[in-house]
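Presented below is the structure to which this report refers.
The values are calculated or read from the model by the stated rules, or taken from the named source; none is laboratory data. Quantities reported herein were computed from a predicted structural model and do not represent experimental measurements. Glycine gets a Cβ as well: all are built from the backbone with ideal geometry, and neighbour counts include every protein chain shown. Only protein heavy atoms, including side chains, enter the accessible area calculation; ligands, DNA and RNA are left aside. Shrake-Rupley method; radii C 1.70, N 1.55, O 1.52, S 1.80 Å.
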Amino acid sequence: MPRGVAPRQPARTGRQDKVRVGTGAIARPGRGKASAPAPKGRQKPIGKKAMAKPTTAAIASAWDLLVATILSAQSTDVNVNRVTPELFRKYPTVEAFAALTPEQLEPDIRSTGFFRNKSKSVVGAAKKIVAEFGGQVPEDIEKLLTLPGVARKTANVVLGTWFKKAEGVVVDTHVHRISRRLELTKENEPQKIEQDLMKIIPRDRWILFSHQVIWHGRKLCIARKPKCAECSLENICHAADKTWSTVELHKVAKG
Ligand code: SF4
C-alpha cells in the first residue's frame, strides 16, 4: 500500500447507498408554485432541485434562468435563491429589466455580490434581447455569447437546461474541481476543460453530466474536505487531495 494511503474503513453510514449522484439541476419552473407545469412550448428543466436548497428559485422562463445564472457568479445558490423570487415579482418580463438602468437594479441584487457588474450585465443583456432578438432569449450559442455578462458557462446552462440543446458542457467550479480530481482533464482553464470533456463524454450525456457532477460536488466531493469514505467513485479516484483512499494517489490529480 503506498505511503499516505489510509486503509479501508467502513463508511460512516456503514453503507454506500446514501451516495447520491443525481440530477442537481439549475432551474425549476413555475414561479410561486413548485408544481406548476411549464408553460406550453417550453421544455421542463432537468431535475427538481433548483440551484440549491431553497425551493423558491422562481425560474419560469429562459430569461429568468439567464438572470439567475449571471447572479450566481461568485455567489452561493442560497443567496441567489433568496433574491430571485422577489426580483422576478418586481420585474416580471425581460422588457421590465430593459427599462431599468444598472443603478436602479443594484439594490435588488446587492446581496449576491459583485452587484455593480452583475447589474450592468443583466440590464445590458435585457436591452440587447429586446432590441435585437425580439424579446426572446436566443437559442443559438453564438448569439447568446454576444450578450453582456454571458460566457460559455452561462450560455451552456441556458441552452442545456432550458432549451435542452447540448452545445457544450457546463464547467462551473464543481465540474472544474471534480474533472481534475477524476483525471478527466489536466487543464485549469474552463474552456480547455470543456474541450477535454466534450471529447470523452458522448454528446447525448453532456447536459446530464454537468448536473450529475454539480450535484456530486455539492453533496460529497466538496472542495476542502471531500467525503471520500462515502463516495461510490472512490475506487476509481486517485485524487491527491482525497480524505481517504483504497487506491494509489496521483500527485497531479488535484481539484
Ligand atoms: S473519492 Fe473523494 S475526491 Fe474522489 S470523487 Fe469521491 S469524494 Fe471526490
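Summary table below
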{"read-out": "Flag if Thr185 is touching an Asp or Glu at 6+ places or on another chain (Cβ under 6 Å) and either of a type outside the set (Asp, Glu) or in a loop (DSSP other than H, G, I, E, B) (or both)", "value": "yes"}
{"read-out": "Unmet criterion (only one of (1) more than 23 Å from Ser61 (Cα to Cα); (2) open to solvent by 70 Å² or more (accessible area, probe 1.4 Å)) for Pro226", "value": "(2)"}
{"read-out": "Filter pass, Val171 being part of a loop (DSSP other than H, G, I, E, B), away from the ligand (no atom under 16 Å from the Cβ) and on the phi < 0 side of the Ramachandran plot", "value": "yes"}
{"read-out": "Options Lys251, Lys199, Lys219: the member that is at pLDDT below 95, charged (D, E, K, R) and open to solvent by 50 Å² or more (accessible area, probe 1.4 Å)", "value": "Lys251"}
{"read-out": "Check on Ala151, within 24 Å of Glu187 (Cα to Cα) and either free of Cβ contacts under 8 Å to residues at least 60 places away in the same chain or of a type in the set (Gly, Ala, Ser) (or both)", "value": "yes"}
{"read-out": "Single residue of region 229-241 satisfying the filter (surrounded by 14 or more Cβ atoms within 10 Å (Cβ to Cβ) and without any contact (Cβ under 8 Å) to a residue 40 or more places away in the chain) that is nearest to the ligand (Cβ to nearest atom)", "value": "Glu234"}
{"read-out": "Among (1) closer than 20 Å to Phe88 by Cβ; (2) surrounded by fewer than 17 Cβ atoms within 10 Å (Cβ to Cβ); (3) hydrophobic (A, V, I, L, M, F, W, C), the one test that Phe163 misses", "value": "(2)"}
{"read-out": "Subset of region 207-216 (residues that are away from the ligand (no atom under 11 Å from the Cβ) and either open to solvent by 20 Å² or more (accessible area, probe 1.4 Å) or within 15 Å of Arg177 (Cβ to Cβ) (or both))", "value": "Ile207, Leu208, Phe209, Ser210, Gln212, Ile214, Trp215"}
{"read-out": "So Thr154, is it closer than 30 Å to Gly134 by Cα, β-branched (Val, Ile, Thr), away from the ligand (no atom under 16 Å from the Cβ) and surrounded by fewer than 16 Cβ atoms within 10 Å (Cβ to Cβ)", "value": "no"}
{"read-out": "Check on Pro138, free of Cβ contacts under 8 Å to residues at least 12 places away in the same chain, buried (at least 20 other Cβ atoms within 10 Å of the Cβ) and not β-branched (Val, Ile, Thr)", "value": "yes"}
{"read-out": "Residue that is open to solvent by 10 Å² or more (accessible area, probe 1.4 Å), assigned to a helix (DSSP H, G or I), free of Cβ contacts under 8 Å to residues at least 40 places away in the same chain and in contact with a Ser or Thr (Cβ under 8 Å, 6 or more places away or on another chain), where the choices are Arg110, Arg82", "value": "Arg82"}
{"read-out": "Given (1) more than 8 Å from the ligand (Cβ to nearest atom); (2) out of contact with any strand residue (DSSP E or B) (no Cβ under 9 Å at 6 or more places or on another chain); (3) outside any helix (DSSP H, G or I); (4) within 15 Å of Glu183 (Cβ to Cβ), number of the condition Arg224 does not satisfy", "value": "(4)"}
